[in-house]
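Report on the structure given below.
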Amino acid sequence: MGIEVNFEGKVALITGASSGLGARFAKVLAQAGAQVVLASRRIDRLKELRAEIEAEGGAAHVVSLDVTDYASIKSAIAHAETEAGQIDILVNNSGVSTTQRLVDVTPEDYAFVMDTNLRGAFFVAQETAKRMIARAKGDPKKQHRIINIASVAGLRVLPQIGVYCMSKAGVVQMTKAMAVEWGKYGINVNAICPGYISTEINEDYFASEQGRKLIEMLPRKRPGKPEDLDGLLLLLAGDEAHFINGAVISADDGMTAM
């Protein structure tokens with residue numbers, strides 16, 4: 001008995017979609033038939049991605065979103081539903097980091113990471129969930145999905161990125177809290193915790209001497225690729241995942257098993 005991957009009729013909002021994992025998530029969901037709403041601050045990059053998706057037969061929309069600005073969050077989600085329709089799937093992906101020792105972290109560094117990774121992620125999910133809950137009260141059978149992108153750094157401490165680890169640990173607990181509170185409305189909230197994934201943002205680092213040393217410390221001495229998360233994304237976004245709620249799933253090639 002096979003399971004068909006078909007997201008036709010679904011609308012998916014992806015934050016941080018201008019590059020890296022966010023762009024990959026958007027392409028995968030669009031290829032599966034969903035209308036995707038691409039959200040970030042870099043509108044030019046989003047428009048390029050929209051053109052790529054449309055050239056492959058997909059449907060995409062662009063909205064401006066700064067997750068550190070509460071007014072921007074409310075405006076972007078309203079705009080997304082005006083453009084594409086009711087949001088069925090949220091991929092809460094925006095994230096930033098700094099590299100430094102904890103004793104060197106300034107209030108500005110701390111706010112930079114926390115405002116995007118935790119505060120921003122919370123209020124994007126909250127604003128989306130308010131609309132999902134309102135719809136669920138009218139249609140109890142309605143299913144919605146929220147996928148928070150955390151990190152293995154939220155499960156174990158990694159050197160030089162302590163504040164990032166703290167923020168992603170917060171996303172892990174946030175996911176569980178949302179799952180418990182919103183599950184009764186047919187909203188399944190889960191988290192993906194990627195390990196080291198090579199993207200355009202960090203590929204130069206992985207090619208450096210320090211990056212190669214890091215790779216040698218990984219279980220199978222290789223970083224992942226964005227496409228390594230495709231299956232997990234499609235699983236958690238799909239209707240078949242109705243019994244998966246509050247899960248925190250590592251996709252790290254065995255890193256957290258060490």
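The values are calculated or read from the model by the stated rules, or taken from the named source; none is laboratory data. This structure is a prediction, so every number in the text was calculated from the model and none was measured. Using ideal geometry, Cβ is built from the backbone for each residue, glycine included, and neighbour counts are taken over all protein chains shown. Each accessible area value is taken on the protein alone, full model and side chains, heavy atoms only, with ligands, DNA and RNA left out. Shrake-Rupley method; radii C 1.70, N 1.55, O 1.52, S 1.80 Å.
Annotations
- When L229 is tested against (1) in contact with a Leu (Cβ under 9 Å, 6 or more places away or on another chain); (2) at pLDDT 95 or above; (3) part of a loop (DSSP other than H, G, I, E, B), only condition (3) is not met.
- Tallying residues that are exposed (fewer than 15 other Cβ atoms within 10 Å of the Cβ) and among the small types (G, A, S) within region 72-105 yields 2.
- Any hit, region 181-193, residues being among the basic types (K, R) and modelled with pLDDT under 95: no
- Taking the conditions (1) closer than 21 Å to I73 by Cα; (2) among the acidic types (D, E); (3) at pLDDT below 95 in turn, D115 satisfies each one other than (3).
- For N117: the one exception among (1) in contact with a Gly (Cβ under 8 Å, 6 or more places away or on another chain); (2) open to solvent by 10 Å² or more (accessible area, probe 1.4 Å); (3) assigned to a helix (DSSP H, G or I); (4) not small (G, A, S): (2)
- Count of region 1-45 residues which are over 15 Å from V62 (Cβ atoms), at pLDDT 95 or above and of a type in the set (V, I, T): 1
- Residues of region 59-71 classified as open to solvent by 20 Å² or more (accessible area, probe 1.4 Å) and without any contact (Cβ under 8 Å) to a residue 40 or more places away in the chain, total: 7
- Q143 open to solvent by 40 Å² or more (accessible area, probe 1.4 Å), on the phi > 0 side of the Ramachandran plot and either more than 15 Å from the chain's Cα centre (by Cα) or without any contact (Cβ under 8 Å) to a residue 40 or more places away in the chain (or both): no
- When region 248-257 is filtered for residues that are open to solvent by less than 50 Å² (accessible area, probe 1.4 Å) and in contact (Cβ under 8 Å) with a residue 60 or more places away in the chain, the ones remaining, listed by number, are V248, S250, D252, M255.
- Cβ separations smaller than 8 Å between residues 6+ apart or across chains give the following pairs from region 206-217 residues that are open to solvent by less than 30 Å² (accessible area, probe 1.4 Å) to residues that are of a type in the set (A, V, I, L, M): F206/L214; F206/I215.
- Pair list, Cβ under 7 Å, 6 or more apart: region 165-183 residue assigned to a helix (DSSP H, G or I) and polar (S, T, N, Q), other residue surrounded by fewer than 17 Cβ atoms within 10 Å (Cβ to Cβ) and at pLDDT 95 or above: T175/G246
- Out of A71, A39, A55, A78, one residue alone is over 16 Å from the mean Cα position of the chain (by Cα) and under 23 Å from L233 (Cα atoms). It is A55.
- Check on E203, out of contact with any Leu (no Cβ under 7 Å at 6 or more places or on another chain), under 18 Å from A17 (Cβ atoms) and of a type in the set (D, E): no
- Candidate set from region 218-243 (those that are free of Cβ contacts under 8 Å to residues at least 24 places away in the same chain and open to solvent by 100 Å² or more (accessible area, probe 1.4 Å)); member that is farthest from I89 (Cα to Cα): K221
- Applying the set (1) outside any helix (DSSP H, G or I); (2) of a type outside the set (D, E, K, R); (3) within 24 Å of A30 (Cα to Cα); (4) open to solvent by 20 Å² or more (accessible area, probe 1.4 Å) to P159 leaves exactly one unmet item: (3).
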